[in-house]
Amino acid sequence: MNRPLEGILVLEFCQFLAGPSAGLKLADLGARIIKVERPKTGDACRQLSIKNLFVDEDSLLFHTINRNKESYAADLKNPEDLERLKKLISKADVMTHNFRPGVMEKIGLDYESVQNINPKIVYGVVTGYGNEGPWRNKPGQDLLIQAVSGLTFLSGVDVDGPVPFGLSVSDIMCGNHLAQGILAALIKRAKTNKSVLVEVSLLESILDVQFEVLTTYLNDGGKLPDRSGAKGSAHAYLSAPYGMYETKDGYIAMAMGNLPNICAIIKCDIADLYVEAGSAFENRDKLIIRLSETFKKDNTKNWVSLLEEHGIWCAEVLNYQTATALSTYKDLQIEQHLDLGESVKIKTTVSPIRLDNEKLFAAKAAPKLGFDTEEINEEFELEKHI
């Protein structure tokens, strides 16, 4: 299958998660990603592990977001390496980096300088808090971004302190936004034949993820999110029955629905708590507790079967073990194997996008540091006149 970004050359001067995850998205869509790394150490993510898992000397995390790329080793402080990179930039379609503000200006690879090298470049920049202002040089780290964005007061119950999200959600969403911006910029460039600057920040991305609840806050007299006092509530702004409930043998998730109808089906008396539609908000915590008492009386599958028969939105709560065993999981072809050679393989996920009914499998493993340097030098004639 011909992929839509085939023929697009992307130079990735990025480390850790946000920028490289954008590169991963573009690679799955067919772009050629050359990852520019410092010699000897490379992307710091090579040694940043989750659960101390390493494969072939690099972290499993690095392999997860750098598959299907090439690695070019270059020292940006070395004049000869910098000259080679400028030649490479002149032939590229896209360039991305996540250096601190001011770093690329010192090297001479800032947007204005790169435009002189390649007037048609799409130039993507990732920062923590933007290029201006007093926070411009603060570390753009995911947990810290969550901390200053308000996100941590949306999960948990009212007696909890801040509850961080259990994923690098700021990084991953920022990577998605960078990929979106680059795709839009490529379309704009095709119309104008001129370079485009794409800028994203971790803070703006995680605030954008919260657009529904942040808009509620901004238009509700500045009232803070009201987390439930009842265990299992899943949303600070939604009424009962929205949440998760313990059953006799597990848990059930309940989405929005007609509360009196649901309670009639499961035989839960709420007459003293529900007078009109607004009661679902006003008495949210008491209603959740009342529902909880009922759901504990039977098994999850029985509740799901009963509620689904009546068109109620609900689901069994699964863990990774049970979720990955589902026939739906297998039918959707969520997984693929990466071949590192010498009988070493990694199982990972596939792009969630289908094009013309086909999954975007890309089984090429992440590159060893500098593995493609010599071939790239030869292919693009980077050694000439140096």
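Calculated on C-alpha atoms, the gyration radius of the chain divided by its Kirkwood radius gives an Rg/Rh of 1.05. Packing, taken as the mean count of other beta carbons within 10 Å per residue, orders the peptides 226-236, 303-313 from highest to lowest as 226-236, 303-313. Dividing the helix sum by the residues of the chain, where each DSSP H run of 4 or more adds -39500 (n - 2.57), gives a mean residue ellipticity at 222 nm of -10000 deg cm²/dmol.
Considering the options Gln321, Ser195, Ser305, tell which one lies farthest towards the positive end of the dipole of the chain, charges being +1 on Lys and Arg and -1 on Asp and Glu at the Cβ, about the Cα centre. Of the listed residues, the answer is Ser195.
Across q = 0.20, 0.28 Å⁻¹, the range 322-379 modelled as identical point scatterers on its alpha-carbon atoms has Debye log10 I(q)/I(0) values of -0.87, -1.11, in the order of the q list. Here is the short version for the chain: Cys14, Cys45, Cys174, Cys314 have no other Cys C-beta closer than 4.7 Å. The range 357-385 and the range 209-253 have their alpha-carbon centroids 46 Å apart. When each of the peptides 75-81, 370-376, 237-243 is scored by how many other beta carbons lie within 10 Å of its residues on average, the order from highest to lowest is 237-243, 370-376, 75-81.
Compared with the dominant principal axis of the Cα atoms in the chain, helix 169-192 is inclined by about 50°.
Listed by chain and number, the lysines whose alpha-carbon sits under 19 Å from that of Lys359, ignoring those within fewer than 8 places in the same chain, are Lys25, Lys69, Lys330, Lys347.
Taking the average, over residues, of other Cβ atoms within 10 Å as the packing measure, peptides 102-111, 61-70 rank 61-70, 102-111 from highest down.
Counting only alpha carbon atoms, the long axis of helix 300-309 and the longest principal axis of the chain meet at about 80°. Averaging 1/r over every pair of different alpha carbons in the range 251-316 and inverting the result gives a Kirkwood radius of 12.1 Å. For the range 7-90, a simple Cβ point-charge model (Lys and Arg +1, Asp and Glu -1, everything else neutral) yields a dipole of about 160 debye relative to the Cα centre. Which of Val36, Ser149, Val169 sits closest to the plus end of the dipole of the chain, meaning its Cα is farthest towards the positive end, when Lys and Arg get +1 and Asp and Glu get -1 on the C-beta? Highest projection toward the positive end goes to Val36. Taking only the C-alpha atoms of the range 60-137, the Rg (one decimal) and the largest Cα-Cα distance, Dmax (whole number), read 13.9, 38 Å. The charge dipole of the chain, taken about the Cα centre with unit charges on the Cβ atoms of Lys, Arg (+1) and Asp, Glu (-1), comes to about 260 debye, rounded to the nearest 20.
Normalised radius of gyration (Cα atoms, divided by 2.2 N^0.38 Å) for the range 214-297: 1.12.
Each Lys and Arg Cβ is given +1 and each Asp and Glu Cβ -1; about its Cα centre, the range 251-316 then shows a dipole of about 160 debye. The angle between the Cα long axis of helix 284-295 and the main principal axis of the chain comes to about 80°, on a 0 to 90 degree scale.
The numbers here are math on the coordinates, done by the rules we state, and not lab data. It should be emphasised that the depicted structure is a prediction, and the values quoted were computed from it without experimental measurement. Methodologically, a virtual Cβ is constructed for each residue, glycine included, from the backbone with ideal geometry; neighbour enumeration extends over all protein chains shown.
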